[in-house]
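Notes to accompany the following structure.
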Amino acid sequence: MFDELKEEKIVNKVGGRYKLATLMQKRLIALLNGAKPLVSTRSDNKMAIVIQEIMQDKIYLDTAGFVQSLEDQIQDMGELDEDEDV
């Protein structure tokens, strides 16, 4: 179905099969609940969107097991920089 899932590259990218399954499940739920995709795709298939987000390093699991995006990380860093200026 999804060739990316057959390769070890996506498993290694997130740190194991358990983390991959967790990341995919949590992100899929977020997309089904109205979250905006972080990649451009012609497909409306939410699972395909999740896989592309992972392959393009757009999402990851943080140490607490929450889905984070590169955009969230950049935003958080910007807020830290603003706090330091005060």
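For the stretch 2-28, enumerate the residues that are in a helix (DSSP H, G or I) and hydrophobic (A, V, I, L, M, F, W, C).
Our first condition is that a residue be in a helix (DSSP H, G or I); within the stretch 2-28, this holds for 3-6, 8-14, 17-28.
Leu5, Ile10, Val11, Val14, Leu20, Ala21, Leu23, Met24, Leu28 - these are the residues of the stretch 2-28 that are in a helix (DSSP H, G or I) and hydrophobic (A, V, I, L, M, F, W, C).
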Name the one entry in Gly65, Gly34 that is touching a residue at least 40 places away in the same chain (Cβ under 8 Å) and assigned to a loop (DSSP other than H, G, I, E, B). Gly65
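Say we look at the stretch 37-62 and pick out the residues that are assigned to a loop (DSSP other than H, G, I, E, B) and β-branched (Val, Ile, Thr); which of these is nearest to the chain's Cα centre (by Cα)?
Step one: filter the stretch 37-62 for residues assigned to a loop (DSSP other than H, G, I, E, B), giving 37-45, 56-58, 62.
Next, from what is left, pick out any that are β-branched (Val, Ile, Thr): 39, 41.
Numbers: Val39: 10, Thr41: 15 Å.
Top of the filtered list is Val39.
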Mind checking which pairs have a first residue in the stretch 1-27 that is of a type in the set (A, V, I, L, M, F, W, C) and a second that is not in a helix (DSSP H, G or I), Cβ under 8 Å, 6 or more apart or different chains? Val14/Tyr60; Val14/Leu61; Leu23/Ile59; Leu23/Tyr60; Leu23/Leu61; Leu23/Val67
Do you know which of the residues in the stretch 1-54 that are at pLDDT 90 or above and hydroxyl-bearing (Ser, Thr, Tyr) is surrounded by the fewest Cβ atoms within 10 Å (Cβ to Cβ)? Ser40
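The values are calculated or read from the model by the stated rules, or taken from the named source; none is laboratory data. Treat the numbers as computed from the prediction; the structure is a model and nothing was measured. FYI the Cβ positions are ideal-geometry reconstructions off the backbone, even for glycines, and counts take in every protein chain you see.
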